[in-house]
Amino acid sequence: MAKAKILIVEDERIVGEDIKKTLKKSGYFVSGIVTSGENAIKSVQDNMPDLVLMDIWLQGDMDGIEAAKQIHDHYNIPIVFLISCGDTETLNRVKKVELYGYVNKPFEQRELVTNIKMALCKHWIDKKLERSEEYFKQRFSKSRSMLESTLSALSSAIEIRDSYTTGHQARVAQLACAIAQEMNFKEDDINGIRLAALIHDIGKINVPAEILSKPGQLNNAEFNMIKSHPQIGCEILKGIEFPWPIADIVLQHHERLNGSGYPKGLRASNICLEAKILAVADVVEAMSSPRPYRQAHSINATLKEISTNKGVLYEPYVAETCQRLFEKQGFKFR
């Protein structure tokens with residue numbers, strides 16, 4: 001195993017030489033002895049030691065605490081301070097910085113070596129944790145990207161079967177996210193709503209294309225088949241481990257406050273808030289877009305539907321937020 005390289009920063013050269021002898025006896029390699037903060041930084045740049053023993057009072061304009069901060073911030077090298085015993089003010093300053101510990105002078109060899117070992121060990125653990133955290137961040141980011149690509153492909157697959165609803169899910173996602181943002185949802189939760197909206201009609205993949213694009217009114221059997229799509233969508237999605245309740249949002253997006261929705265006939269408090277947001281966004285986009293059996297409604301007529309039925313079918317605060325987006329903030333579907 002390679003010896004750890006240690007830089008000694010000590011304003012008294014003689015004391016530095018004594019520390020060097022102690023470290024060499026303990027199996028460490030001393031990369032240098034310097035007497036000022038400026039030279040300490042230069043020596044770190046040139047030699048990149050594994051640890052710095054840093055005296056507080058140094059020659060030159062920079063004290064040890066300032067030099068230690070710069071070294072740690074720029075090079076992430078552990079620092080062990082050397083402080084005079086009984087210097088309470090300096091000790092308090094060191095504790096605020098706390099870059100892997102300190103040793104009171106005069107010190108015993110075992111005390112110095114123990115502190116160095118502890119600092120090196122702590123730094124090794126910190127680096128391992130940083131790498132692990134970065135690794136999992138990268139894996140999570142990659143997994144999320146793959147997940148979004150998969151869901152986008154599923155969304156496209158659904159809309160290929162019904163040209164009238166092309167872009168419907170994406171536009172519902174735009175409005176649902178805008179509502180959630182206006183309601184001060186956290187960014188991560190908004191992302192969950194966006195993904196749920198992008199595939200909220202995934203269950204329609206089980207509905208024959210001729211029913212989806214039928215120009216006339218649906219009969220009871222056909223409408224019941226349409227009404228099954230939230231349940232089918234939930235069944236498709238529930239086996240995927242999302243960090244958000246995607247399957248539940250999809251299942252509940254046609255439920256209504258008064259229990260008149262489907263597929264479960266859930267009421268008010270039994271419907272999750274994300275599904276209530278999606279419900280309003282879904283109705284607004286659907287009404288304001290053309291369908292095989294009708295022309296598109298104006299946005300004013302659409303918002304009137306939401307306003308008239310807020311508290312009955314739609315969550316009042318969600319409905320009001322949606323109206324405000326269109327009427328006060330000029331929201332438009334892209």
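Overview of results
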item: Inter-label distance, nm, simple model (7 Å from Cα along the C-beta direction), I125/N270; result: 5.0 nm
item: J(HN,Hα) series, region 252-266, from Karplus relation 6.51 cos²θ - 1.76 cosθ + 1.60, nearest Hz, glycine and proline x; result: 9, 6, 10, 7, 10, 3, 8, x, 8, x, 9, x, 9, x, 5
item: Potential lengthening between W57 and T308 on full extension [0.36 nm per residue; Cα-Cα distance subtracted]; result: 82.8 nm
item: Convex hull projection area averaged over all views, region 5-132, Cα basis, nm²; result: 7.3 nm²
item: Peptides 289-297, 198-206, 37-45 ordered by average Cβ neighbours within 10 Å, highest first; result: 198-206, 37-45, 289-297
item: Estimated 222 nm signal from helices in the chain, with DSSP H stretches of n ≥ 4 weighted -39500 (n - 2.57), rounded to 500; result: -18000 deg cm²/dmol
item: Nitroxide proxy distance, nm - points 7 Å out along Cα→Cβ at N104 and S84; result: 1.5 nm
item: Estimated FRET transfer efficiency when R0 is 25 angstrom, pair K142-K69 (beta carbons, to 0.05); result: 0.10
item: Nonlocal amide H pairs with Y314, under 5 Å, H built at 1.01 Å; result: L257
item: Nonlocal amide H pairs with F81, under 5 Å, H built at 1.01 Å; result: M54, G101, Y102, V103
item: Label selected from (i) 236; (ii) 162; (iii) 214, the criterion being volume of the Cα convex hull per residue in Å³ as computed here; result: (iii)
item: In Hz, Karplus ³J(HN,Hα) per residue of region 230-241 (6.51, -1.76, 1.60; θ = phi - 60°; x = Gly, Pro); result: x, 5, 5, x, 4, 4, 5, 8, 5, x, 8, 7
item: Residues A153 and R291, FRET efficiency given R0 of 22 Å [Cβ-Cβ distance, rounded to 0.05]; result: 0.35
item: Ordering of 210-219, 188-197, 300-309 by burial proxy (mean other Cβ atoms within 10 Å per residue, highest first); result: 188-197, 300-309, 210-219
item: Acute angle (nearest 10 degrees) that the helix 187-198 long axis makes with the longest principal axis of the chain, alpha-carbon atoms; result: 30 degrees
item: Extended-chain gain in nm, criterion 0.36 nm per residue less alpha-carbon gap, E134 and E241; result: 36.4 nm
item: Unit charges on C-beta of K, R, D, E only; dipole of the chain, Debye; result: 960 debye
item: Burial ordering of L82, L266, L273, fewest other beta-carbon atoms within 10 Å first; result: L273, L266, L82
item: Amide H contacts of N309 (H built 1.01 Å from N, under 5 Å, at least 5 apart or other chain); result: none
item: Rg in Å to one decimal, and Dmax rounded to a whole Å, for region 286-334 via C-alpha atoms; result: 11.4, 32
item: Between helix 316-327 and the chain: long-axis angle, C-alpha atoms, 0 to 90°, nearest 10; result: 90 degrees
item: Residues S213 and K332, FRET efficiency given R0 of 25 Å [Cβ-Cβ distance, rounded to 0.05]; result: 0.40
item: In nm, spacing of pseudo-spin labels at F223 and D188 (7 Å Cα→C-beta vector); result: 4.3 nm
item: Across K69/K186; K142/K310; K20/K96; K20/K128; K264/K310; K186/K304, pairs whose alpha-carbon gap is larger than 31 Å; result: K69/K186; K142/K310
item: Straight-distance crosslink candidates among aspartates and glutamates, where the alpha carbon sits under 19 Å from K328 and sequence neighbours closer than 8 are dropped; result: E182, E285, E305, E320
item: Relative contact order of the chain, defined on C-alpha pairs under 8 angstrom at six or more residues apart (%); result: 10 percent
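We did not get these values from a lab; they are worked out from the coordinates using the rules stated. Model, not experiment: these values are computed from the prediction. Don't worry about glycine lacking a Cβ; one is built from the backbone with ideal geometry, like all the others, and counts go over all protein chains shown.
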